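*Asks:* I'd like to ask some things about the structure below.
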Amino acid sequence: MSETSKNKIKTKIFKSSRGEFFFADDFRNYGTPENIRLTLFRLENDGLIERLAHGIYIKPKKDPLLGTIYPSIEEIAKEIAKRDKARIAPTGVLALYLLGLTTQVPLKAVYLTDGSQRDIKIGKRTIKFKRTVPKSFAIKDELLQLVVSAFKEQGQEGLSEEFLRTIKHSVKKIEQQVLDSQLKYAPVWIQKEITKLYQS
């Protein structure tokens, strides 16, 4: 790799904002995969970037008191989806966590996707992209999609008073027009529960 190519990578990263993500693929026009990896490795050693996972880097934000501020798993998943031009939707325990229905941080964050199916290890946690059919994205509103996922994870038999009381706060934030146009894509039992909470 020529010095010019190395400098192009350095310049691009230097000029970027703190908190910005980089994928090794972003630099594919600057040299061979091996040379790009080596340059990024050196920049990591210099403290300019940090490696989050294989081929995924960030120019970290720094706080005088807290030190390095790392992105959340959710932010990383969204960046990967943006790069892949794929849609994702949190599911399972992750949906419960994002809605404040559990304080347990899931070690495996599971997302439905219309992109590639794979697991990405970030430290001790894993992001799992689980390929699904396009109709899983019929609900376009993020909050409604999250609420429906939480109901699915809880199951019809597991609807406790506490669950319904807690999720009601999120349900009330959904706009009426969203419910009118998109709730029909949820399972019938979930439609009934959400409508009841919305109207109570």
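Values quoted throughout were computed directly from the atomic coordinates according to the rules given, and no laboratory measurement underlies them. Please read these numbers as outputs of a predicted model, since none were measured by experiment. Glycine also receives a Cβ, built like all others from the backbone with ideal geometry; neighbour counts cover every protein chain displayed.
*Asks:* Would you mind working out the magnitude of the charge dipole of segment 3-63 relative to its Cα centre, with +1 at each Lys and Arg C-beta and -1 at each Asp and Glu C-beta, to the nearest 20 Debye?
*Replies:* Using Cβ point charges on Lys, Arg, Asp and Glu, segment 3-63 gives about 180 debye.
*Asks:* Per DSSP helix of 4 or more residues, -39500 (n - 2.57); summed, then divided by the residues of the chain. What does that give at 222 nm, rounded to the nearest 500?
*Replies:* The helix contribution divided over the chain gives -13500 deg cm²/dmol.
*Asks:* While we're looking at this one, here's another question. Between K168 and K140, what's the calculated FRET efficiency when r is the beta-carbon distance and R0 is 30 Å? Round to 0.05.
*Replies:* Working from the Cβ atoms, E equals 0.85.
*Asks:* Only Lys, Arg, Asp and Glu count, each charged at its Cβ (+1, +1, -1, -1), so figure out the dipole size of the chain about its Cα centre, rounded to 20 debye.
*Replies:* 420 debye
*Asks:* Still on this structure, I have one more. Of the options T126, F27, P90, report the single residue whose Cα projects farthest towards the positive end of the charge dipole of the chain (beta-carbon charges: Lys, Arg +1; Asp, Glu -1).
*Replies:* Looking along the dipole axis, the top candidate is F27.
*Asks:* List every residue whose amide H lies under 5 Å from the amide H of E20, counting only residues 5 or more places away in sequence or on a different chain, with H placed 1.01 Å from N in the peptide plane.
*Replies:* Under 5 Å from the amide H of E20: K59.
*Asks:* Also: How about segment 103-180: which trypsin sites (Lys or Arg not before Pro) there lie in a loop by DSSP and see at most 13 other Cβ atoms within 10 Å?
*Replies:* K124, K140
*Asks:* Taking a 30 Å limit on the Cα-Cα distance, which of the listed pairs K78/K173; K10/K121; K108/K140 fall beyond it?
*Replies:* Violating the 30 Å limit, Cα to Cα: no pairs.
*Asks:* I've got another one for you. Cut-off under 20 Å on the C-alpha distance; same-chain residues fewer than 8 positions from K168 excluded. Which aspartates and glutamates are left, in chain and number order?
*Replies:* In chain and number order, the partners are D141, E142, E153, E157, D180, E193.
*Asks:* Name the long-range amide H neighbours of I122: under 5 Å, sequence gap of 5 or more, or other chain; modelled H, no Pro or chain starts.
*Replies:* Amide H neighbours of I122, under 5 Å, 5+ apart: I127.
*Asks:* At 7 Å along the Cα-to-beta-carbon direction for both E75 and T126, put a label point, then send me their distance in nm to one decimal.
*Replies:* About 2.5 nm separates the two model spin labels.
*Asks:* Have a look at T68, S170, Q154 and report the one farthest towards the positive end of the charge dipole of the chain, computed about the Cα centre with Cβ charges (Lys/Arg +1, Asp/Glu -1).
*Replies:* Looking along the dipole axis, the top candidate is T68.
*Asks:* Can you give the local net charge around G92? Use residues other than it whose beta-carbon is closer than 12 angstrom to its beta-carbon, Lys and Arg +1, Asp and Glu -1. Don't jump to the answer; show the numbers that get you there.
*Replies:* Numbers: positive: K108, K128, K130, K152; negative: E153.
Net local charge, G92 excluded: +3.
*Asks:* Apply 1/(1 + (r/R0)^6) to the Cβ-Cβ distance of R83 and K62, taking R0 = 30 Å, and write down the FRET efficiency to the nearest 0.05.
*Replies:* E(calc), rounded to 0.05, equals 0.80.
*Asks:* Something else: Measure out, as a whole number of angstrom, how far apart the alpha-carbon centroids of segment 143-200 and segment 114-136 sit.
*Replies:* Taking the Cα centre of segment 114-136 as reference, the centre of segment 143-200 is 24 Å away.
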